[in-house]
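In what follows, a structure is listed as structure tokens, so that the remarks can point back to it.
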Amino acid sequence: MPYTPAAIRNDGKRLTRLIGDAGYSSGSVDPEVAREGTEVRLVWLLKLGPKVRVGPIFVCGNFVTKANAILEWIPISSGDTLTTTAV
């Protein structure tokens, strides 16, 4: 695929989502571009940061539906890795 700034931005968004899905919600992705004549060398620098885990989950303000019924529909539970997909 040819080198274009739009393609690099899109790839950066995909990589950011990928590391977020691995549990590194504060991670960042930066491209490092080196040009030599008509060739471009691209290296991605990934900064992961700390892995984030889910703490206790509280369901408040609901008097009709039981908390367990609501928590069945939430794809995460206490102690799980917090991912961008689960959020």
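None of the figures in this text is laboratory data; all of them are computed from the coordinates on show. Everything numeric in this text was worked out from a predicted model, so none of it was measured. Quick reminder, even Gly has a Cβ in these numbers, built from the backbone with ideal geometry, and neighbours come from all protein chains shown.
Sorted from largest down, what three extents in whole angstroms do the Cα atoms of the range 1-46 have along their principal axes?
So the three principal-axis extents are 39, 16, 11 Å.
Let a ≥ b ≥ c be the square roots of the eigenvalues of the Cα gyration tensor of the range 28-68; is it rounded (a/c under 1.5), or, if not, prolate (a/b larger than b/c) or oblate? All intermediate terms of the calculation are to be shown ahead of the outcome.
Numbers: a/c = 8.53, a/b = 4.17, b/c = 2.05.
Prolate shape, in that a/c is at least 1.5 and a/b is the bigger ratio.
Provide the three semi-axes, in whole Å and in decreasing order, of the ellipsoid equivalent to the chain as defined by the square roots of 5 times the Cα gyration tensor eigenvalues. Intermediate values should be presented prior to the final figure.
Numbers: eigenvalues 332, 34, 11 Å².
After scaling each eigenvalue by five and taking roots: 41, 13, 8 Å.
What is the dipole size for the range 33-87, taken about its Cα centre, with +1 at each Lys and Arg Cβ and -1 at each Asp and Glu Cβ, in debye to the nearest 20?
On the way: 6 positive and 4 negative charges, 30 e Å.
So the magnitude is around 140 debye.
Along the charge dipole of the chain, pointing to its positive end and built from +1/-1 on Cβ of Lys, Arg, Asp and Glu, which listed residue (Pro56, Ala6, Thr84) has its Cα farthest out?
Pro56
Excluding same-chain residues fewer than 8 positions from Lys13, which lysines have a Cα within less than 21 Å of its Cα?
Once the sequence-local lysines are set aside, what remains near Lys13 is Lys47, Lys51.
As an exercise, identify the trypsin sites (Lys or Arg not before Pro) in the range 1-85 lying in DSSP coil whose Cβ has no more than 16 other Cβ atoms within 10 Å. Kindly include the intermediate steps, with their values, before the conclusion.
Details: sites: Arg9, Lys13, Arg14, Arg17, Arg35, Arg41, Lys47, Lys51, Arg53, Lys66; in loops: Lys51, Lys66.
Taking the range 1-85 and a limit of 16 other Cβ atoms within 10 Å, the loop trypsin sites (Lys or Arg not before Pro) found are Lys51, Lys66.
How big, on average over all directions, is the shadow cast by the Cα convex hull of the range 46-87, in nm²?
Working: hull surface 14.8 nm².
Averaged projected area of the range 46-87's Cα convex hull equals 3.7 nm².
Helix 5-21: angle to the longest alpha-carbon principal axis of the chain, degrees 0 to 90, nearest 10?
With both axes taken from Cα atoms, the answer is about 40 degrees.
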